[in-house]
Amino acid sequence: MNSAPLKGIKVLDLTIVLAGPTCGRTLAQYGAEVIKIDPENRKPQLYQWIDVSRGKKSVSLNLKSPGGKETFLKLAEKADVILEGFRKGTTDKLGIGYDQIRKINPKLIYASINCYGHKGPWQFRPGFEQNAQAVTGIQMRNGSNESGPRAATYTLNDYGTGLAAAYGVMLALLERNKTNKGKHIGASLAGTSTFLTGPYATSFKDEFLKNDIGGPGLRGRGPLCSLYECQNNEWIFFKITNETQWVSLVSTDQFKVLAKNPLFSSFALREDNKSELFIILREIIKKKPALEWVEFFKGLNIPSIKNTLAQEIHSSEYNTSRKMIVSKDYSNDKNYLYREWGKTTWAGNPVKMTGYNISEINPSMFSEHTVEILKKIGLTNSDIKEMKKNGTIPKEEMLPFSPDSSEPL
């Protein structure tokens with residue numbers, strides 16, 4: 001087994017919510033030592049901590065209390081990467097901005113993550129997942145003419161921006177091997193959202209796609225690339241990509257009615273008469289359960305899949321075999337603080353590589369490593385006692401999580 005790709009890289013993670021912490025978690029999964037830094041007065045919610053703080057060490061440090069900034073700067077002197085997700089200008093006010101940090105550590109990679117980017121007219125605006133969806137048209141396309149805009153219920157921009165930022169950090173580390181110099185990189189939720197909606201941003205011959213999809217079109221790009229309801233309130237998706245697959249389909253008993261219909265005798269005619277084709281396909285597919293259709297389409301070499309319910313994801317052989325769903329039971333853990341977590345599950349990392357198994361280390365307890373890390377940078381017991389007295393670090397080494405906090409992570 002090869003060593004971890006990022007072994008020896010030290011990361012200070014100041015981020016909150018999902019995007020920045022996802023970046024830090026990704027770096028930790030590939031072997032970086034990631035130190036998550038939070039003030040005591042902002043205890044995280046446990047479910048998000050399990051999700052995006054796995055593999056990180058936890059330090060509770062108040063940068064605004066006496067000695068807080070100075071302690072962070074000592075950590076920064078020996079760090080390779082800093083991740084921050086504050087509103088633009090905040091780190092400069094705190095005295096830990098990129099221009100301030102690079103004076104003491106010119107080789108450091110400094111990653112700033114926000115909603116709208118660090119240049120342009122909106123650079124100082126706050127924003128979250130739903131803001132990024134709104135400004136890039138996702139919510140308009142997720143709705144219809146009847147419903148109006150609807151927010152996507154999954155945090156595609158948060159997780160996507162976290163992965164994009166990790167990608168940027170790794171590129172900057174690669175370049176540093178050549179130049180021996182650091183970089184300031186930026187990633188934004190709105191930038192990720194624009195990238196993910198690429199088909200709506202791409203045009204040629206000035207024929208920009210102006211019409212947003214609404215209504216039935218949301219279920220696919222046409223009747224032969226769409227979602228269909230089956231028996232028992234199940235759904236299936238299938239896609240026919242060429243004439244050979246179409247001929248195979250209409251040669252079967254179930255779909256031979258389509259072969260006899262002159263409205264569907266060519267690709268162009270099927271495109272012109274897609275509303276009629278939708279109606280016929282819906283009537284046919286509603287007659288059988290989803291898994292029967294999956295086997296049917298498999299025999300015709302037509303890609304198809306049953307829509308999966310949330311509870312089915314955890315038991316899916318596909319997900320568990322590829323460690324895309326990871327489970328761990330903490331009920332009998334030697335650390336009694338972990339035991340209350342019971343059986344936990346989380347999503348794995350989608351990128352696999354030969355010779356290295358993705359690290360799925362336990363999440364730390366909140367503030368578990370505060371004293372350990374501070375002693376590594378030369379602070380004495382007397383220093384630590386004074387910091388506890390001033391409220392710069394917590395009086396206790398391991399703190400409970402916030403079960404009902406309105407502010408995640």
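Coordinate-derived values only; no laboratory data. The model shown is predicted, which means the values in this text are computed figures rather than measured ones. FYI the Cβ positions are ideal-geometry reconstructions off the backbone, even for glycines, and counts take in every protein chain you see.
Couple of notes before you dig in:
- Sequence of Thr370, Thr91, Thr320 once ranked by neighbouring C-beta atoms within 10 Å, starting from the fewest: Thr320, Thr91, Thr370
- Calculated [θ] (222 nm, deg cm²/dmol) that DSSP helices of n ≥ 4 give over the chain, each run adding -39,500 (n - 2.57): -10500 deg cm²/dmol
- Calculated P(r) of the stretch 223-310 - Cα pairs past 18 Å, %: 38
- Local electrostatic count, Arg176, Cβ distance below 13 Å [Lys/Arg +1, Asp/Glu -1]: +3
- Longest site-free stretch - the chain; sites: GluC sites (Glu not before Pro), DSSP loop, at most 11 other Cβ within 10 Å: 208-409
- Counted charge near Thr161, where neighbours are those whose Cβ lies closer than 14 Å (Asp, Glu -1; Lys, Arg +1): -2
- A cut-off of 5 Å between modelled amide H atoms, ignoring neighbours fewer than 5 places along the same chain, links Ile325 with Thr320, Gly348.
- 3J(HN,Hα) from dihedral phi, the stretch 386-393, Karplus parametrisation 6.51/-1.76/1.60, rounded to Hz, x for glycine, proline: 5, 5, 5, 5, 7, x, 6, 10
- For Phe366, the residues whose amide H sits under 5 Å from its own are Leu399, ignoring neighbours fewer than 5 places away on the same chain, with H placed 1.01 Å from N.
- Taken one residue at a time, the phi angles of the stretch 133-145 give Karplus couplings (6.51, -1.76, 1.60, θ = phi - 60°) of 4, 5, 6, 10, x, 4, 5, 5, 6, 7, x, 8, 4 Hz. Gly and Pro are set to x.
- Exposure proxy order (Cβ contacts within 10 Å, fewest to most) of Val11, Val351, Val326, Val52: Val351, Val326, Val11, Val52
- Shown is the FRET efficiency for Ser316 and Glu386, computed with R0 = 56 Å from the Cβ-Cβ distance and rounded to the nearest 0.05: 0.60.
- Counting neighbouring beta carbons within 10 Å and listing from fewest to most, the residues Thr241, Thr197 come out as Thr241, Thr197.
- Rounded to the nearest 20 debye, the dipole magnitude of the stretch 91-192 is 520 debye, with +1 charges on Lys and Arg beta carbons, -1 on Asp and Glu beta carbons, and the Cα centre as origin.
- Overall Cα dimensions of the chain, principal axis frame, Å, largest first: 88, 55, 42
- Ile82 long-range amide H proximity, modeled H, under 5 Å: Leu12, Ile109, Tyr110, Ala111
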